[in-house]
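> One structure, as structure tokens, below. Some questions next.
The values are calculated or read from the model by the stated rules, or taken from the named source; none is laboratory data. Since the model is a prediction, treat every value here as computed from it, not as a measurement. Here the Cβ positions follow ideal geometry from the backbone for every residue, glycine too, while neighbour counts run over all protein chains shown. These accessible areas exclude ligands, DNA and RNA; they are computed on the full protein's heavy atoms, side chains included. Shrake-Rupley method; radii C 1.70, N 1.55, O 1.52, S 1.80 Å.
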Amino acid sequence: MLGKVLIYMTVAFSGISVLAYLFSDKKGRDNLLKLGVFSYYAMTFTVVAACIYLLSNILAHNFQFTYIWEYSSTELHDYFLVASFYSGQQGSFMLWMLMLTIIGLVINYRTARYGYQSLSMGIFTSIIFFLAVILIFKSPFDYVWETFAAENLEVGFMPVNGRGLNPILQNYWITIHPPILFIGYSMMAVPYTYALTALIKRDYKGWIDKVMPWTLFGAGILGLGIMMGGYWAYETLGWGGFWAWDPVENSSLIPWMIAVGFIHTLLVQRRTNGLVKTNIALGLLTFIFVVYATFLTRSGILGDTSVHSFVTPGAIVYNMLILFQVIYLGLGIFYMATRWKDMTAYVGKKAISFASKEYSVSLGAIVFLALAAIVIMGTSWPAVAELFGQEKVAVDISNYDKFGSIFAVIFLILNGISLYQRWNSGNISDIFGKLIIPTGASVVLVAVFYFMGLDNLNFILLTFAAFFSLITNLEYLIRNVKSNPKSLGAYIAHIGLVFLILGAVISGVYSSTKQVRLKTNETKSAFGYDFTFVGYNQIETEFKDREKFKYNIKIEKNGSSGMASPIVYWSDFNEKQSPFLEPGVYTKLEKDIYLSPKAIEAESDLPRVALRKDDKATIPLDTNLMVSVKSFVMDKNAAFSGNSVVLNTVVSIEHIDGTIFSDTLNSLLDATSWEAQPSWKKIADSEVEIAMTKLIRDVDNIHNTRAVLSFKEAGKPEPALVDVFTFDVSVKPFINLVWLGTLAVTAGFFLALYKYPTKNKKNIAEE
């Protein structure tokens, strides 16, 4: 009850705050402004109180609340209990609202200094209001007897335990990745708020210095959050990659790409006063696509095409998410249309020189945004297809790779060239000579990679462009370390992007995979490494809802060794119907050895041979004996019994003295695995027993069908079964460049912030 009351109070205070802020945007309405501020603080209190109330109930295992019952259990670690706060739709809306509310406190302080407070806070708070209204209809404070009213549960009923968190989500990254992502989402609301305020106030110039720091921080933190998700997938899912172009992955990438393009077009406007309409539009789109991403993720519309999508939230919330988009998109379009002539008059008609820096930066931003448009179209395709009655399928990821590599080549080359150009002027002959060294060095480096096996034209061009951009940015980074340290952020971010692209290309092109199947203490080689299965051990034994095992693989090469431990486990979450698999990674500086578990089996260690009809082989336990398969005879009267097949295999045994005799081995084969429990027969005049234990079928060429014959010493019991672990080994060279590049891009954005707090006191030409 208290939780719902707090949500209703949040709606009320945020609604009052929105109206008070918006109507205070006139002189003499200070009381309304004070009311807006007071209501915002009151709303902050109720939002924080609601979050604390929900979290405290999660930690107390109060399963009376349906949300807590659905996403937590007594079996979870404390940090996963905290993560279960935002693991469902309702909780993620709560987290987003909390982040927005905290950021709003800073905006309230900052905007009060330059006359944006009333409009900006009114617009910004309306987003919190909208989320709070959604939480009325999709509440984390519904009781189980309300949710499952049809089951006639008594009021006050509390389940003994909750369903628990999806085992795939039980990774330390869930405590880091979603909060970081939602800070990024929330930061994207600031450019929208400022752009709309600028439109209403007809402030087409002053707003860009105000919005730049917010956009830099937002792009940095959102990019970091996105790639944290990529590393989580790489480390946990076992498919070997960090990015799958999943529609929900893309939906968070789109606002980041728009924000990055926006940062570059803001730079152009600051230097040239151009791109006014472009910047207003991009400022609006950064958040509109966050709302769009929220719709794709939480409406359930991509449930059939994405592994990340939430289930459908119900018709009311579905329609509210659509309304959410329509309102904020409609406001942007309305004010863009009504201010169009103003902006046109403000811009002027100054031509941009082909050889100027603003030309290359603008073109680079267009290329980046064009790639964002392709990602938008591909991501939206399943929803559009359903709208027109077409089959709802995700776009083939090869299309993203193809277009992405082409646009990345153009963007990186433009980035490199732009460093040698000047603002507001330029001559192509001025930069031509400067391009010779980075171009020549890039050609040499690509040639090295070509002789190492890089033969795909797209990848060759991409590698060339990456090296070209890397060399030019390194040159300017070194040149400015002492003379202009505040400018280093841009170079570091660009170098980070190059690292990220190079890491993705090299680890993708040069990566290869082999399957290895090992018995306990057995060693096999792959890619020059020796892999030994040294056994397994159960982990997290303190929990009763799972059986979790680490399969330890020792990896050795040239005297050095390491260990990777893929994990296989069964969970009550899916009633232990199928195992969950996690990879093991042996990380070296220049590569990862990536082990993806595929199967675990208990196998007989009996000596055996596999023979086609008329093949002959020596019996392993007695080299004086030879065995051959003469025929397979199906028992027609008992050919199939349930899921079993009765098969008689006629074999011929030849002694070293030339004596030959035949025998028939009876087998009851499993019709799925075509394996059988041994039915032993003693070979005459020997101390060996023989059994047919498996049929290796070749349905295309029956002559290639083989019988697996097993042997043991006569009169002795069968040896115990041995564990066999099967896994894929992948070598991923320079995958660490991807993670290093991500950190560098983020650091670059944050370092670029350094020059903005005192920006208004400086001349732009000093930057």
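> Which residue is modelled with the lowest pLDDT, if the candidates are limited to segment 285-297 and must be among the hydrophobic types (A, V, I, L, M, F, W, C) and open to solvent by 10 Å² or more (accessible area, probe 1.4 Å)?
Residues of segment 285-297 among the hydrophobic types (A, V, I, L, M, F, W, C): 285, 287-291, 293, 295-296.
Next cut, open to solvent by 10 Å² or more (accessible area, probe 1.4 Å) only: 285, 288-289, 295.
Working: LEU285: 95, ILE288: 94, PHE289: 92, PHE295: 85.
For segment 285-297, the residue satisfying everything is PHE295.
> Could we say that PHE432 is modelled with pLDDT under 85, over 31 Å from the mean Cα position of the chain (by Cα) and open to solvent by 70 Å² or more (accessible area, probe 1.4 Å) here? Explain how you work it out, then say what you get.
Numbers: modelled with pLDDT under 85: yes; over 31 Å from the mean Cα position of the chain (by Cα): yes; open to solvent by 70 Å² or more (accessible area, probe 1.4 Å): yes.
Yes.
> Still on this structure, I have one more. Would it be correct to say that ARG271 is modelled with pLDDT under 95, surrounded by fewer than 21 Cβ atoms within 10 Å (Cβ to Cβ) and not small (Gly, Ala, Ser)? It would help to see each step written out before you state the result.
Details: modelled with pLDDT under 95: yes; surrounded by fewer than 21 Cβ atoms within 10 Å (Cβ to Cβ): yes; not small (Gly, Ala, Ser): yes.
For ARG271, the condition - modelled with pLDDT under 95, surrounded by fewer than 21 Cβ atoms within 10 Å (Cβ to Cβ) and not small (Gly, Ala, Ser) - is met.
> Right, next: Under 9 Å by Cβ, and 6 or more places apart or on different chains, what pairs join a residue from segment 655-684 that is under 18 Å from GLY715 (Cβ atoms) with one that is in a loop (DSSP other than H, G, I, E, B) and among the acidic types (Asp, Glu)?
Correct list of pairs: PRO678/GLU718; TRP680/GLU718.
> Going through SER571, SER507 one at a time, which residue ends up being touching a residue at least 12 places away in the same chain (Cβ under 8 Å) and either open to solvent by 70 Å² or more (accessible area, probe 1.4 Å) or closer than 30 Å to THR74 by Cα (or both)?
Numbers: SER507 fails: either open to solvent by 70 Å² or more (accessible area, probe 1.4 Å) or closer than 30 Å to THR74 by Cα (or both).
Exactly one of SER571, SER507 is touching a residue at least 12 places away in the same chain (Cβ under 8 Å) and either open to solvent by 70 Å² or more (accessible area, probe 1.4 Å) or closer than 30 Å to THR74 by Cα (or both), namely SER571.
> Of all residues being of a type in the set (Ser, Thr, Tyr) and open to solvent by 30 Å² or more (accessible area, probe 1.4 Å) in segment 550-564, which is farthest from TRP239 (Cα to Cα)? Just the residue, please. So that I can check it myself, show each step before the final result.
In the first step, residues of segment 550-564 are kept if they are of a type in the set (Ser, Thr, Tyr); the result is 551, 560-561.
Filter again for open to solvent by 30 Å² or more (accessible area, probe 1.4 Å), leaving 560-561.
On the way: SER560: 27, SER561: 24 Å.
Taking the candidates together, the pick is SER560.
> Continuing with the same structure: May I ask you to list pairs of residues, at least six apart or on different chains, whose Cβ atoms are under 6 Å apart, with the first in segment 455-473 being within 12 Å of SER442 (Cβ to Cβ) and the second being aromatic (Phe, Trp, Tyr) and buried (at least 18 other Cβ atoms within 10 Å of the Cβ)?
Qualifying pairs under 6 Å: THR463/PHE449.
> Can you find, within segment 131-143, the residue that is farthest from TYR328 (Cα to Cα) among those that are open to solvent by 20 Å² or more (accessible area, probe 1.4 Å) and not in a loop (DSSP other than H, G, I, E, B)?
Of all residues in segment 131-143, those open to solvent by 20 Å² or more (accessible area, probe 1.4 Å) come to 133, 136-138, 142-143.
Filter again for not in a loop (DSSP other than H, G, I, E, B), leaving 133, 136-137, 143.
Values: VAL133: 16, ILE136: 20, PHE137: 20, TYR143: 33 Å.
My answer is TYR143.
> Follow-up question, since we're still on this one. Can you tell me which residue is modelled with the lowest pLDDT among those in segment 331-348 that are within 41 Å of the chain's Cα centre (by Cα) and among the aromatic types (Phe, Trp, Tyr)?
TRP340
> Let me ask something else. Out of the helices (runs of 4 or more DSSP H) lying entirely within segment 144-235, which hold 1 or more residues that are open to solvent by 10 Å² or more (accessible area, probe 1.4 Å) and farther than 30 Å from LEU751 by Cα?
On the way: elements: 144-147, 177-187, 189-201.
In segment 144-235, the matching helices (runs of 4 or more DSSP H) lie at 144-147, 189-201.
> Pick from GLU547, GLU542: which is assigned to a strand (DSSP E or B) and either buried (at least 16 other Cβ atoms within 10 Å of the Cβ) or not polar (S, T, N, Q) (or both)?
Details: GLU542 fails: assigned to a strand (DSSP E or B).
Among GLU547, GLU542, only GLU547 is assigned to a strand (DSSP E or B) and either buried (at least 16 other Cβ atoms within 10 Å of the Cβ) or not polar (S, T, N, Q) (or both).
> Can you find even one residue in segment 19-37 that is modelled with pLDDT of 95 or more, in contact with a Leu (Cβ under 8 Å, 6 or more places away or on another chain), among the hydrophobic types (A, V, I, L, M, F, W, C) and buried (at least 21 other Cβ atoms within 10 Å of the Cβ)?
yes
> Follow-up question, since we're still on this one. For PRO579, indicate whether it is touching a strand residue (DSSP E or B) at 6+ places or on another chain (Cβ under 7 Å), open to solvent by less than 20 Å² (accessible area, probe 1.4 Å) and either more than 18 Å from GLN170 (Cα to Cα) or of a type outside the set (D, E, K, R) (or both). It would help to see each step written out before you state the result.
Numbers: touching a strand residue (DSSP E or B) at 6+ places or on another chain (Cβ under 7 Å): yes; open to solvent by less than 20 Å² (accessible area, probe 1.4 Å): no; either more than 18 Å from GLN170 (Cα to Cα) or of a type outside the set (D, E, K, R) (or both): yes.
Here the answer is no, as PRO579 does not meet what is asked.
> Going through SER126, SER118 one at a time, which residue ends up being modelled with pLDDT under 95, within 27 Å of VAL326 (Cβ to Cβ) and outside any loop (DSSP other than H, G, I, E, B)? Don't jump to the end; show me each part of the working.
Working: SER126 fails: modelled with pLDDT under 95.
One residue alone meets the criteria, SER118.
> Between residues in segment 185-205 that are aromatic (Phe, Trp, Tyr) and residues that are part of a loop (DSSP other than H, G, I, E, B) and open to solvent by less than 10 Å² (accessible area, probe 1.4 Å), which pairs lie under 8 Å by C-beta distance while being six or more apart or on different chains?
TYR194/TYR116
> Looking only at segment 85-103, decide whether some residue is out of contact with any Phe, Trp or Tyr (no Cβ under 9 Å at 6 or more places or on another chain) and open to solvent by 10 Å² or more (accessible area, probe 1.4 Å).
Yes, that holds for at least one residue.
> Of the conditions (1) under 21 Å from PHE287 (Cα atoms); (2) under 26 Å from the mean Cα position of the chain (by Cα), VAL395 fails just one. Which one is it?
Condition not satisfied by VAL395: (1).
> Then there is this: Quick check on segment 298-321. Is at least one of its residues in contact with a Gly (Cβ under 6 Å, 6 or more places away or on another chain), open to solvent by less than 70 Å² (accessible area, probe 1.4 Å), at pLDDT below 85 and closer than 24 Å to SER87 by Cβ?
Residues of segment 298-321 in contact with a Gly (Cβ under 6 Å, 6 or more places away or on another chain): 309, 311-312.
If we keep only those that are open to solvent by less than 70 Å² (accessible area, probe 1.4 Å) as well, we get 309.
Pick out the ones that are also at pLDDT below 85 and you get 309.
Next cut, closer than 24 Å to SER87 by Cβ only: 309.
Yes, there is a match, as at least one residue in segment 298-321 is in contact with a Gly (Cβ under 6 Å, 6 or more places away or on another chain), open to solvent by less than 70 Å² (accessible area, probe 1.4 Å), at pLDDT below 85 and closer than 24 Å to SER87 by Cβ.
> Testing LYS514 on (1) surrounded by fewer than 15 Cβ atoms within 10 Å (Cβ to Cβ); (2) not in a strand (DSSP E or B), one condition comes back false. Which one is that?
(2)
> Taking ASN637, is it polar (S, T, N, Q), open to solvent by 80 Å² or more (accessible area, probe 1.4 Å) and either within 30 Å of GLY240 (Cα to Cα) or modelled with pLDDT under 95 (or both)? Please lay out each step first, then the result.
Values: polar (S, T, N, Q): yes; open to solvent by 80 Å² or more (accessible area, probe 1.4 Å): yes; either within 30 Å of GLY240 (Cα to Cα) or modelled with pLDDT under 95 (or both): yes.
Here the answer is yes, as ASN637 does meet what is asked.
> Follow-up. Are any residues in segment 150-199 hydroxyl-bearing (Ser, Thr, Tyr) and over 13 Å from TRP232 (Cα atoms), and if so, which ones? Spell out the reasoning first.
Restricting attention to segment 150-199, the residues satisfying the condition of being hydroxyl-bearing (Ser, Thr, Tyr) are 172, 175, 185-186, 192-194, 197.
Result: TYR185, SER186, TYR192, THR193, TYR194, THR197.
> Would a scan of segment 645-653 turn up a residue that is part of a strand (DSSP E or B), of a type in the set (S, T, N, Q) and at pLDDT 90 or above?
Filtering segment 645-653 for residues part of a strand (DSSP E or B) gives 645-653.
Restricting the remaining residues to those that are of a type in the set (S, T, N, Q) gives 648-649, 652.
When the remaining residues are screened for being at pLDDT 90 or above, the result is 649, 652.
So far as segment 645-653 goes, yes, one or more of its residues are part of a strand (DSSP E or B), of a type in the set (S, T, N, Q) and at pLDDT 90 or above.
> Tell me, please, whether a residue that is over 21 Å from ASP614 (Cβ atoms), among the hydroxyl-bearing types (Ser, Thr, Tyr) and open to solvent by less than 20 Å² (accessible area, probe 1.4 Å) can be found in segment 671-686.
Applying the first criterion (over 21 Å from ASP614 (Cβ atoms)) to segment 671-686 yields 671-673, 675-680, 682, 684-686.
Narrowing the set further to residues that are among the hydroxyl-bearing types (Ser, Thr, Tyr) leaves 672-673, 679, 686.
Still in the running and open to solvent by less than 20 Å² (accessible area, probe 1.4 Å): 686.
Within segment 671-686 (the criterion being over 21 Å from ASP614 (Cβ atoms), among the hydroxyl-bearing types (Ser, Thr, Tyr) and open to solvent by less than 20 Å² (accessible area, probe 1.4 Å)), the answer is yes, since at least one residue qualifies.
> Go through (1) open to solvent by 40 Å² or more (accessible area, probe 1.4 Å); (2) under 22 Å from SER362 (Cβ atoms); (3) part of a helix (DSSP H, G or I) one by one and return the number of the condition SER487 breaks.
(1)
> Of everything in segment 697-735 that's within 27 Å of HIS655 (Cβ to Cβ) and aliphatic (A, V, I, L, M), which residue is most open to solvent (accessible area, probe 1.4 Å)?
Among them, the one singled out is ALA714.
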